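These notes are about the structure you will find just below.
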Amino acid sequence: MTENTEAKSTSTEANDNTAVLVDGRTDVEKLVELLPMGERTELDYKETLDLRNNHDALEFVKDAVSMANHYPGGYFIIGAHEDGTPSDRADGTSWSQFDGAKLTAKIQKYIDAPLVALSNVHELEGHTYCLICIHSLEDGLPIPFSKYGGCRDDEGNDKTVFRKGEILRRDGAGNDYIQYQQWGNILARHDEDVRRDERKRIDGLVESLTDALSLNGKVPPLVPEMSEEALFDALTANFEQENSKVIKRYAHMLAHSIDDGNENRISLLASIGCFAVHYSNDEVLQAVEEHLYSIYRAELRKNTRNAYDIANAIYEIGSAMVRAERWELINPLVNRPVEVSSTYTYASWVRECQVEASNSNMYPKNGSGMMISVCLDEIKNHKLLRPDCIGIETVDQWEKVNDYVLDSLCSFDILYCLCVYVAGDGRAGAYPACIYYQQKRVSLVLERLFAKDDSMRRELLPNASDQEIATGYAELRKIMSTEGGGRGWHFLYDLSVNIERFMNENRGSTNGERSAQDIMF
């Protein structure tokens, strides 16, 4: 392909309007995602905090409860300025005080609600931070303080931090009392729970119907209004009985009702795609891809939300391809060139979706691995997107497959980028979001890709020679070095024997480029 020109937003401001994804993760990769975002409703930076000081402890309790009262909650980063840069004031901080159980005990002392704090301390570029997650209660109801919170100031005067019965809610970078006009938004989550409970009875009837039909050798119908549980069972039955015509008709119905105001139609198409990968039904998979592409071409610039949803759908289907080791499906999925002007062509529709979503503040404009986090959270919360992960119903069960799914998302990301740089046709390349994650997320798939056994390479890029793959990977490696190397975070580096052997055999001295050992990215 031609020389790459990144089609990223020109804005380098850290503080944009991107919403923080409150997914409960407190790993170092989540810290990397959050640090450059800037303080906002769901994110509070504190240069230092001493919970042994009664006033500081009460202020933290107030902030934590206020954060929880703005669904879905948010994060605290201890050890950083408001712009996310490290604070020298954190030097000497006793980091053991931020143990999650200790924080939870301090909070629950002043409320009658099972609010929990999750935390982790991390070293990053020579600085220490603590990342704390406060997730709202599932019912979405606000939490009042059950006790008075007061202390004496440095001059011995009584100081009130909060009172019994007060309900505080975080708004922007501060806390305030709940206002009348906020109650509709506050109760929306509770109303959603009520509707979910109402559907349980219907789900039970649908499940009974599904069982009865299965006993008679028939399959349950597929309709847009089905709940997730009912649809999961119905799709499973239809795919197991290879009822492709019914499934394709359902996908067609979803695709052509995209304007009905049902925002989850693209996600449902992604679910059908994930089922199709899992059941090796390439006929249905191709139909889903064509529907998504048609929606993309017709609706992208009318509704930028579609760009965000389609990018996520492609990653969710792509990660299923990785988990199923269907390497031959990846290049046809991602390499669809799009001409946006007489002089500019995106090599991949994925990239245009990402750029449009970023320009609409759905992803941070200054670069981020957030889109992978978004997909991970969607897969976690929607079993329709992970039919290959059976029996995952609780948080503990999800933790057993979290790394497996995250690795598959990062692996798809780098394979998608490689396919674009090797076989793409256009000026705008691909942005490797996986550079914001640990190298181990992609190391296994790269080891296999560049092994002496070339079976995976031939499946992934059947029309490309090893020399062309080496050239494309070298170009991608430059992008990864530029984007990841300057931050000193968890970026990729090539010290693999397989990779360096492959690069040396197919590009000699890599045409004068520095070796991977010299670059160390």
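Read-outs: derived from the displayed coordinates by stated rules, not from any lab. The model shown is predicted, which means the values in this text are computed figures rather than measured ones. FYI the Cβ positions are ideal-geometry reconstructions off the backbone, even for glycines, and counts take in every protein chain you see.
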When the dipole is taken about the Cα centre of region 28-177, and only Lys, Arg (+1) and Asp, Glu (-1) are charged at their Cβ, what size is it in debye, to the nearest 20?
680
Which residues among region 83-109 fall inside the zone where the amide N is under 19 Å from a point 7 Å beyond the Cα of residue 146, along Cα→Cβ?
101-109
Quick one, could you list the DSSP H helices from the chain stretching 30 Å or more along their long axis (Cα atoms) with average Kyte-Doolittle hydropathy of -0.5 or above?
395-423
Formal net charge of residues neighbouring residue 467 (Cβ-Cβ distance under 11 Å; K, R +1; D, E -1)
-2
Could you rank the peptides 368-377, 246-255 by their average count of other C-beta atoms within 10 Å per residue, with the highest value first?
368-377, 246-255
For residue 478, give me every one of the lysines with a C-alpha distance below 23 angstrom, ignoring sequence neighbours fewer than eight places off in its own chain.
8, 365, 440
Approximate spin-label separation residue 95-residue 190, in nm, with each point projected 7 Å along Cα-to-Cβ
4.1
Residue-span extension gain [residue 108 to residue 19] - 0.36 nm each, minus C-alpha spacing
29.3 nm
Counting Lys +1, Arg +1, Asp -1, Glu -1, what net charge surrounds residue 274 among other residues with beta carbon under 9 Å of its beta carbon?
-1
With residue 148 itself left out, Lys, Arg at +1 and Asp, Glu at -1 over residues whose Cβ is under 13 Å from its Cβ give +4
Please tell me the relative contact order of the chain in percent, rounded to the nearest whole number, where contacts are Cα pairs under 8 Å and at least six residues apart.
14
Between region 444-463 and region 82-125, the alpha-carbon center distance in angstrom:
44
Output the peptides 182-195, 58-71 sorted from most to least packed, where packing is the average of other Cβ atoms within 10 Å over each peptide's residues.
58-71, 182-195
Sort 123-132, 153-162 by packing, meaning the average of other beta carbons within 10 Å per residue, with the highest value first.
123-132, 153-162
Residue among 101, 65, 144 farthest towards the positive dipole end of region 28-177, charges placed on Cβ:
144
Pseudo-spin-label distance residue 160 to residue 290, built 7 Å along Cα→Cβ, given in nm, is 6.9
Based on the Kirkwood radius over alpha-carbon pairs, what value in µm²/s does the Stokes-Einstein equation return for the translational diffusion coefficient of region 28-177 at 10 °C and 1.306 mPa s?
102
Using only DSSP helix segments of four residues or longer, with each worth -39500 (n - 2.57), what per-residue ellipticity at 222 nm results for the chain after dividing by its residue count and rounding to 500?
-15500 deg cm²/dmol
Over region 28-177, what is the relative contact order in whole percent, taking alpha-carbon pairs under 8 Å and six or more residues apart?
28
Proxy reagent accessibility, fewest Cβ within 10 Å first, across 327, 398:
398, 327
Of 450, 437, 461, which is farthest on the positive side of the dipole of region 428-468, counting Cα position, with +1 on Lys and Arg Cβ, -1 on Asp and Glu Cβ, and the Cα centre as origin?
437
Using +1 on the beta carbon of Lys and Arg, -1 on that of Asp and Glu, and nothing else charged, what's the dipole of the chain about the Cα centre, debye to 20?
280
Kindly state, to the nearest 0.05, the FRET efficiency for residue 241 paired with residue 377, given R0 = 35 Å and r defined as their beta-carbon distance.
0.65
Taking the alpha-carbon centre of each part, the distance from region 269-308 to region 388-416 in Å is 21
Placing +1 on the Cβ of each Lys and Arg and -1 on the Cβ of each Asp and Glu in the chain, which of 280, 85, 118 has its Cα farthest towards the positive end of the resulting dipole?
280
Give, in nm to one decimal, the length gained when the segment between residue 52 and residue 340 is fully stretched (0.36 nm per residue of separation minus the Cα-Cα distance).
97.8 nm
Amide H neighbours of residue 150 at under 5 Å, excluding residues fewer than 5 places away on the same chain, with H built from the backbone geometry, are 161
Take every DSSP beta bridge whose two residues both sit in region 28-177, then give the antiparallel share in percent to the nearest 5.
85
Net dipole in debye of region 257-519 [+1 Lys, Arg Cβ; -1 Asp, Glu Cβ; about Cα centre; nearest 20]
540
